[in-house]
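Novice: The following block contains the structure, expressed as structure tokens.
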């Protein structure tokens, strides 16, 4: 007879141990190919790869991108460049999305240890009851760890900052400024350019596995949180639910 | 990191961009009373701190005083402004609770549940000169004035609760007001790509886009309200007070001790939404023995003060003691 969990904490610990065991076993299973997983780079110099993915940040997003390898493959240094489109599928009607141009570099030695660093410049957009926003920003994401034959596991550390945003307020927001002073209306929201409107930090882990010469999949999970001066790490009212979960597939040599 | 950001922003500024800070006062949301001296306001000392309340008064200072509290957490009294029509018989006083609306933002330690009763006491002392007052509270404000009255029965003449939220733990478990579905919350999180809730101004601004979705459960149609007058939502106050309420949800009885009050208790409710007359009958009236429930047909939690404001005022005038006097007003 199976022993039943004595409390909810014990049940949670069992699920966590099971999940970690399954992921580790999946990563450790010998790959059908000798080619290296390569830290997310296209495998062959001069080749390209298409990446499609889905994530919870915690909003649901889907993405598609392309990376083209630029280095000659004669040294541990890697370099690739590309672009990516990120869309929240629930918000297509808002015209919400983000387009990025990316450069990815890395150093991975013959034993598989090394690190990759991706940097991107992006343009993001949203339109809702408060107004229409366009933001220009930069993102950096590093993956130090093991990028070996057929699989990789690494830390997933990143920062993104929306440096400049243009905000055009809605009538709803303008209405909020009326009737504050008895008999007098003055002041109102300011349409225009705002600086450093968003910053987010990412701390997680990622794992990748090649499924053949042309296909690999990657999972990443961890904490994703915005800088918040009241020190709130978990607050739905502040849009601060600090988790992310990401799954992607790369196709290409 | 800061040097890199500063250099990038300085470069942009050098290119002719006039960049505002998202935390600049009055850029995204109206300034609070401590930031805008032109706002009608009252300085009170509550929870050991002096704070400016955004407060307005209507009517003759010599008339009986009616204190009006908004719902929330986080909401302001703009929705309740139609009740200023009671100034024909009352000195009507409305204010935004500390941390909400256009009242001064406060720290976490100042937002204990008992502090809101102390806030009522401070306002009452300032405007009523020791006289008993009539208290009118909407939604969460109904629970707050109930708790205050139980602790200070001699300070209150008459009590009016307009669609109070759940007053008992059992009611709290059945309450379905104010939630946001996964789909409707998507944009609120997506905005973090462009505008994150880094401080009070940005957090309160972002609430503008989410609140209508949260208010679906209070409308007759189940759709976001057509009209929701608000100056500014207090996101931080909402978060802290909600945490405190959740911490005590298993045993918080808002009406504990109300037996000490021997005045009239009136409950007004519409027929639609999460806090309608049905909810009041099933979950709240048992905690208010001797109270009277009056229904406004076709009204919801918000439309009691918008499309159905005249009916709500009619109910109030039929029941408030100052309207029972047979002496004509000069």
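Novice: Are any residues in the stretch B:188-238 under 26 Å from residue B:171 (Cα atoms) and at pLDDT 95 or above, and if so, which ones?
Specialist: Within the stretch B:188-238, B:233, B:234, B:235, B:236, B:237, B:238 qualify.
Novice: Would you pick out the residues in the stretch B:253-305 that are without any contact (Cβ under 8 Å) to a residue 40 or more places away in the chain, in a helix (DSSP H, G or I) and closer than 14 Å to residue B:160 by Cα?
Specialist: B:285
Novice: Out of B:83, B:28, B:79, report the one residue that is more than 13 Å from chain A (Cβ to nearest Cβ) and modelled with pLDDT of 95 or more.
Specialist: B:83
Novice: When you go through (1) at pLDDT below 95; (2) in contact with a strand residue (DSSP E or B) (Cβ under 8 Å, 6 or more places away or on another chain) one by one for residue B:33, which number turns out not to apply?
Specialist: All conditions pass for residue B:33, except number (1).
Novice: Would you pick out the residues in the stretch A:171-202 that are more than 8 Å from chain B (Cβ to nearest Cβ), surrounded by fewer than 17 Cβ atoms within 10 Å (Cβ to Cβ) and touching a residue at least 24 places away in the same chain (Cβ under 8 Å)?
Specialist: Of everything in the stretch A:171-202, those that are more than 8 Å from chain B (Cβ to nearest Cβ), surrounded by fewer than 17 Cβ atoms within 10 Å (Cβ to Cβ) and touching a residue at least 24 places away in the same chain (Cβ under 8 Å) turn out to be A:191, A:201.
Novice: From the set of residues in the stretch B:103-117 that are buried (at least 16 other Cβ atoms within 10 Å of the Cβ) and more than 15 Å from the chain's Cα centre (by Cα), which is nearest to the other protein chains (Cβ to nearest Cβ)?
Specialist: Looking at residues that are buried (at least 16 other Cβ atoms within 10 Å of the Cβ) and more than 15 Å from the chain's Cα centre (by Cα), I get B:108.
So that you can scan it fast, the table gives a plain yes or no per residue for (1) more than 9 Å from every other protein chain (Cβ to nearest Cβ); (2) within 29 Å of residue B:194 (Cβ to Cβ):
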residue: B:19; (1), (2): no, yes
residue: B:51; (1), (2): yes, no
residue: B:54; (1), (2): no, no
residue: B:63; (1), (2): yes, no
residue: B:67; (1), (2): yes, no
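Residues are listed down the side, and each one gets a yes or a no for (1) surrounded by 21 or more Cβ atoms within 10 Å (Cβ to Cβ); (2) closer than 25 Å to residue A:210 by Cα:
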site	(1), (2)
A:99	no, no
A:103	no, yes
A:110	no, yes
A:114	yes, yes
A:118	yes, yes
A:124	yes, no
A:132	no, no
A:140	no, yes
A:147	yes, yes
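Novice: Mind listing whichever residues of the stretch B:175-192 are more than 7 Å from every other protein chain (Cβ to nearest Cβ), crowded, with 18+ Cβ neighbours inside 10 Å and over 20 Å from the mean Cα position of the chain (by Cα)?
Specialist: Within the stretch B:175-192, just B:185 meets the criteria.
Novice: Collect the residues in the stretch B:216-252 that are more than 15 Å from residue B:179 (Cβ to Cβ) and part of a helix (DSSP H, G or I), keeping them in residue-number order.
Specialist: B:235, B:236, B:237, B:239, B:240, B:241, B:243, B:244, B:247
Novice: For residue B:92, work out the one condition from (1) in contact with a strand residue (DSSP E or B) (Cβ under 8 Å, 6 or more places away or on another chain); (2) within 14 Å of chain A (Cβ to nearest Cβ); (3) surrounded by fewer than 21 Cβ atoms within 10 Å (Cβ to Cβ) it doesn't fulfil.
Specialist: Here residue B:92 clears every test but (3).
Novice: Hey, among A:93, A:39, A:46, which residue is touching a strand residue (DSSP E or B) at 6+ places or on another chain (Cβ under 7 Å), surrounded by fewer than 13 Cβ atoms within 10 Å (Cβ to Cβ) and at pLDDT below 95?
Specialist: A:46
Novice: Would you pick out the residues in the stretch A:203-240 that are at the interface with chain B (Cβ under 9 Å from one of its Cβ atoms) and in contact with a helix residue (DSSP H, G or I) (Cβ under 7 Å, 6 or more places away or on another chain)?
Specialist: Within the stretch A:203-240, A:226, A:228, A:230, A:232, A:235, A:237, A:238, A:239 qualify.
Novice: Among the residues that make up the stretch B:219-237, is at least one of them facing chain A (nearest Cβ under 7 Å), surrounded by fewer than 24 Cβ atoms within 10 Å (Cβ to Cβ), under 22 Å from the mean Cα position of the chain (by Cα) and without any contact (Cβ under 8 Å) to a residue 60 or more places away in the chain?
Specialist: Among the residues of the stretch B:219-237, not one is facing chain A (nearest Cβ under 7 Å), surrounded by fewer than 24 Cβ atoms within 10 Å (Cβ to Cβ), under 22 Å from the mean Cα position of the chain (by Cα) and without any contact (Cβ under 8 Å) to a residue 60 or more places away in the chain, which makes the answer no.
Novice: Which residues, counting only those in the stretch A:201-223, are part of a strand (DSSP E or B) and farther than 15 Å from residue A:156 by Cα?
Specialist: A:209, A:210, A:215, A:216, A:217 - these are the residues of the stretch A:201-223 that are part of a strand (DSSP E or B) and farther than 15 Å from residue A:156 by Cα.
Novice: Among (1) more than 7 Å from chain A (Cβ to nearest Cβ); (2) not in a helix (DSSP H, G or I), there is one condition residue B:195 misses while meeting the rest; what is its number?
Specialist: Condition (1) is where residue B:195 drops out.
Novice: So, one more: Any chance you could count how many residues in the stretch A:127-145 are touching a helix residue (DSSP H, G or I) at 6+ places or on another chain (Cβ under 9 Å) and either within 18 Å of residue B:201 (Cβ to Cβ) or more than 11 Å from chain B (Cβ to nearest Cβ) (or both)?
Specialist: Total satisfying the criteria: 8.
Novice: Can I ask one more? Of the residues that make up the stretch A:61-73, is at least one modelled with pLDDT of 95 or more, in a loop (DSSP other than H, G, I, E, B), in contact with a strand residue (DSSP E or B) (Cβ under 9 Å, 6 or more places away or on another chain) and closer than 22 Å to residue B:193 by Cα?
Specialist: Checked the stretch A:61-73: no residue is modelled with pLDDT of 95 or more, in a loop (DSSP other than H, G, I, E, B), in contact with a strand residue (DSSP E or B) (Cβ under 9 Å, 6 or more places away or on another chain) and closer than 22 Å to residue B:193 by Cα.
Novice: Would you mind telling me which numbered condition in (1) modelled with pLDDT of 90 or more; (2) surrounded by fewer than 19 Cβ atoms within 10 Å (Cβ to Cβ); (3) within 25 Å of residue A:202 (Cα to Cα) residue B:172 fails?
Specialist: (3)
The values are calculated or read from the model by the stated rules, or taken from the named source; none is laboratory data. The structure presented is a predicted model; accordingly, all values stated were derived computationally and were not measured. All Cβ positions, glycine included, derive from the backbone under ideal geometry; neighbour counts span all protein chains shown.
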